[in-house]
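A short write-up of the structure that comes next.
The values are calculated or read from the model by the stated rules, or taken from the named source; none is laboratory data. Not measured: the values here are computed from a predicted model. Cβ placement follows ideal geometry from the backbone for every residue including glycine, while neighbour counts extend to all protein chains displayed. To get the accessible areas, we keep the full protein, side chains included, count just its heavy atoms, and leave off ligands, DNA and RNA. Shrake-Rupley method; radii C 1.70, N 1.55, O 1.52, S 1.80 Å.
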Amino acid sequence: MRTIAVMTSGGDAPGMNPAIRAVVRAATAHGIEVYGIRQAFSGLLAGDFERMTNRDVSGIIGRGGTILQTARNAEFRTLQGQKRGLRRLNEHGIEGLVVIGGDGSLRGAHSLHELGFPVVGVPGSIDNDIYGTDMSIGVDTALNTIIDALDKLRDTASSHERCFLIEVMGRNCGYLATISGILGGAEFVMIPERPFTLQEVAEALENAYMRGKNHAIGVIAEGATPRIHEVAAFLEGHETGFEVRMTVLGHVVRGGDPSAFDRLLATRLGVHAVECLLGGETGVMVGLQGRDIGTVSLADATDKDKNVSTEYIQMADMLAR
Ligand code: F6P
């Protein structure tokens with residue numbers, strides 16, 4: 001293998017830049033040329049390739065976002081799109097590809113593998129919903145951002161004796177909501193994995209008020225039902241003791257400089273991805289398994305679900321007293 005390419009795809013995640021850097025530098029150390037593909041599968045289809053040297057990735061280890069930019073592409077979900085992508089890779093003499101991204105991006109990577117192209121996936125998504133890795137790139141930084149916001153909101157909540165409902169990202173997975181709820185001392189957490197009635201929320205708040213709390217925090221995952229606006233509307237009509245305010249953190253959680261943990265994880269995964277390509281272990285995703293970096297097939301990584309563990313859910317409930 002003499003030439004490989006790297007792309008970042010799907011929702012950006014803090015740590016994608018150190019992952020790109022690790023891929024470029026590890027490949028260069030092995031005498032391999034690297035091309036960056038801009039804007040993920042859209043750039044692949046458009047032939048937007050750029051030669052990357054060690055100097056091109058200088059100073060990016062601590063920067064949020066992704067210098068290669070990213071995109072979500074509908075055309076690449078079709079076989080026709082995938083074949084066009086393969087043709088572009090061949091035209092540029094690319095012999096292996098590293099795809100850094102979330103669930104949808106790894107599906108794109110898997111489709112190229114099924115067409116016979118050597119691909120390795122790297123899990124990058126703040127949601128932590130990818131099977132085969134304990135942590136994805138960006139999760140730790142996102143958690144730190146949420147906890148910082150929760151701490152600030154608690155200050156104003158206590159001052160006014162209010163309940164703050166805080167929505168965090170997590171379309172199908174309540175990991176961010178559950179862990180930040182535990183670490184931020186939330187009174188309740190609502191996640192897609194577990195149904196929660198409006199009546200239960202009102203009771204949790206009323207109990208907190210009766211126990212003498214002067215603030216209450218509820219963390220709600222974006223994908224939970226009922227949605228944050230419904231919860232707020234319901235609580236307005238029920239006298240729990242607390243006034244209600246809500247804050248949707250939204251894309252703020254995806255930004256920011258990667259934490260030390262994310263820089264290290266991204267670096268280890270990027271280096272390992274290159275080693276897999278060179279060693280002929282392709283059609284796999286590299287991941288953090290315990291303390292080690294291991295691999296899982298892209299088929300498993302994209303087919304199997306990963307939900308927040310019941311242990312964490314129970315912990316969040318038990319400690320919210
Ligand atoms: O998959 C990561 C994620 O941040 C989800 O939590 C969220 O639902 C989605 O991306 C938002 O996507 P977009 O940036 O396209 O609005």
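Of all the numbered requirements in (1) β-branched (Val, Ile, Thr); (2) open to solvent by 40 Å² or more (accessible area, probe 1.4 Å); (3) in contact (Cβ under 8 Å) with a residue 24 or more places away in the chain, residue 78 misses one, and that requirement is (3). When region 19-40 is filtered for residues that are more than 16 Å from the ligand (Cβ to nearest atom) and surrounded by fewer than 24 Cβ atoms within 10 Å (Cβ to Cβ), the ones remaining, listed by number, are 25, 26, 28, 29, 30, 31, 32, 33, 35, 36, 38.
Only one of the numbered conditions (1) modelled with pLDDT of 95 or more; (2) within 16 Å of the ligand (Cβ to nearest atom) is not met by residue 94, and that is (2). Looking only at region 205-252, residues that are open to solvent by less than 70 Å² (accessible area, probe 1.4 Å), within 16 Å of the ligand (Cβ to nearest atom) and of a type in the set (A, V, I, L, M) come to 6 in all. Scanning region 267-283 turns up no residue that is closer than 30 Å to residue 317 by Cβ and among the aliphatic types (A, V, I, L, M). Taken as a whole, the condition of being touching a His at 6+ places or on another chain (Cβ under 9 Å) and either open to solvent by less than 70 Å² (accessible area, probe 1.4 Å) or not aliphatic (A, V, I, L, M) (or both) does not apply to residue 193.
On the basis of being crowded, with 21+ Cβ neighbours inside 10 Å and within 16 Å of the ligand (Cβ to nearest atom), does residue 16 make the cut?
It is true that residue 16 is crowded, with 21+ Cβ neighbours inside 10 Å and within 16 Å of the ligand (Cβ to nearest atom).
Do we have residue 106 as farther than 28 Å from residue 145 by Cα and either buried (at least 23 other Cβ atoms within 10 Å of the Cβ) or in contact (Cβ under 8 Å) with a residue 40 or more places away in the chain (or both) here?
Here the answer is no, as residue 106 does not meet what is asked.
Looking across region 154-164, the residues that are open to solvent by 30 Å² or more (accessible area, probe 1.4 Å), touching a residue at least 60 places away in the same chain (Cβ under 8 Å) and part of a helix (DSSP H, G or I) come down to 154, 160.
Any chance you could count how many residues in region 165-216 are outside any helix (DSSP H, G or I) and within 19 Å of residue 247 (Cα to Cα)? Can you show your working first?
Within region 165-216, the subset outside any helix (DSSP H, G or I) is 165-174, 184-197, 211-216.
Among the residues that remain, those that are also within 19 Å of residue 247 (Cα to Cα) are: 165-171, 174, 184-192, 214-216.
Number of matching residues: 20.
Exactly one residue out of 22, 46, 40 is over 25 Å from the mean Cα position of the chain (by Cα) and among the hydrophobic types (A, V, I, L, M, F, W, C): that is 46.
When 55, 25 are checked against the criterion of being free of Cβ contacts under 8 Å to residues at least 24 places away in the same chain and of a type in the set (D, E, K, R), a single residue qualifies: 55. Consider residue 127 carefully, then state whether it is within 11 Å of the ligand (Cβ to nearest atom), in contact with a Gly (Cβ under 7 Å, 6 or more places away or on another chain), open to solvent by 10 Å² or more (accessible area, probe 1.4 Å) and among the acidic types (Asp, Glu). Yes.
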